[in-house]
Amino acid sequence: NRVYALRNTYTIAAINMSLGGGQFTATCNTDPRKSSIDLLRTAGIATVIAAGNSGLRNAMGAPACISTAISVAATDKNNAVAGYSNVASFTTLFATGSDIDAPVPATGYDDKNGTSMAAPHVAGAVALFKQARSNATVNDLVSALTGTGPLISDQRSGGTVTKRRLDVYAALCALITCDSDDYRYLFPPQTVNGNISSA
């Protein structure tokens, strides 16, 4: 509600919620937080929520189970579903959540694991997408996120879910026009020369 109140003071693309609990095998739209998520969505602000870390193969925690949230399960860096990650048929997408170099108060950085590491990748991507296309609706963003990126199948025992994994560049190109040379790898000490056209 505070984010909604500040929507005209600041340009807010998304909020991230790395919290939750319970085990929901279907959407939990009776959750009282749904009305706030819906209000934000009408204002063009996406609510990105971590799916939870109980290793569930067919359920998520609340509030990730709310249908109008963008729920995020976790993979490792080899595109395998992380052992700890919750995922369900109604999860929105995967993002990398294992061995993330995360800031730790007073001590610097440490490798962290969890859907709470995966969800902020998606919230950050949404902010980039809104910068590139400010009139994109949350529905537009969800469509770009779920229509691009590699398909990841849960290969854990009892796993049945297949969802897309976040691919920031591919999702961006689903929202704006990308040129063929917009994206290329440069490996040190490789350099590239040329001019940047205003077009």
Condition met for Gly52 (outside any helix (DSSP H, G or I), at pLDDT 95 or above and open to solvent by 10 Å² or more (accessible area, probe 1.4 Å)): yes
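Each row is one residue, and each column tells you yes or no for (1) surrounded by fewer than 24 Cβ atoms within 10 Å (Cβ to Cβ); (2) touching a residue at least 60 places away in the same chain (Cβ under 8 Å); (3) over 17 Å from Arg156 (Cβ atoms).
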residue	(1), (2), (3)
Ala43	yes, no, yes
Ile70	no, yes, yes
Phe94	no, yes, no
Ala106	yes, no, yes
Index of the failed condition, Ala132 passing every other in (1) of a type in the set (A, V, I, L, M, F, W, C); (2) open to solvent by less than 30 Å² (accessible area, probe 1.4 Å); (3) in contact with a helix residue (DSSP H, G or I) (Cβ under 9 Å, 6 or more places away or on another chain): (2)
Condition met for Val3 (under 17 Å from Thr91 (Cα atoms) and open to solvent by less than 80 Å² (accessible area, probe 1.4 Å)): no
Qualifying positions in segment 12-25 - within 20 Å of the chain's Cα centre (by Cα) and either at pLDDT 95 or above or surrounded by 16 or more Cβ atoms within 10 Å (Cβ to Cβ) (or both): Ile12, Ala13, Ala14, Ile15, Asn16, Met17, Ser18, Gly20, Phe24
Output for segment 55-65, where each listed residue is part of a loop (DSSP other than H, G, I, E, B) and within 16 Å of Thr92 (Cα to Cα): Leu56, Arg57, Asn58, Pro63, Ala64, Cys65
Residue in segment 17-37 that is touching a helix residue (DSSP H, G or I) at 6+ places or on another chain (Cβ under 6 Å), within 27 Å of Ser134 (Cα to Cα) and part of a strand (DSSP E or B) present: no
Positions within segment 72-89 being part of a strand (DSSP E or B) and open to solvent by less than 10 Å² (accessible area, probe 1.4 Å), in sequence order: Val72, Ala73, Ala74, Thr75, Val87
Selected residue (only one of Thr68, Thr47 is among the polar types (S, T, N, Q), assigned to a loop (DSSP other than H, G, I, E, B) and closer than 15 Å to Met17 by Cα): Thr68
Which listed residue, of Ser67, Ser98, Ser71, is under 16 Å from Thr25 (Cα atoms), in contact with a strand residue (DSSP E or B) (Cβ under 8 Å, 6 or more places away or on another chain) and modelled with pLDDT of 95 or more: Ser71
Subset of segment 137-182 [under 18 Å from Ile45 (Cβ atoms) and of a type outside the set (D, E, K, R)]: Thr137, Val138, Asn139, Leu141, Val142, Ser143, Ala144, Leu145, Ala171, Leu175
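The values are calculated or read from the model by the stated rules, or taken from the named source; none is laboratory data. No experiment lies behind these values; they were computed from the predicted model shown. Here Cβ is always computed from backbone atoms with ideal geometry, including for glycine, and neighbour counts include all displayed protein chains. Heads up: the accessible areas ignore ligands, DNA and RNA and are worked out on the full protein's heavy atoms, side chains in. Shrake-Rupley method; radii C 1.70, N 1.55, O 1.52, S 1.80 Å.
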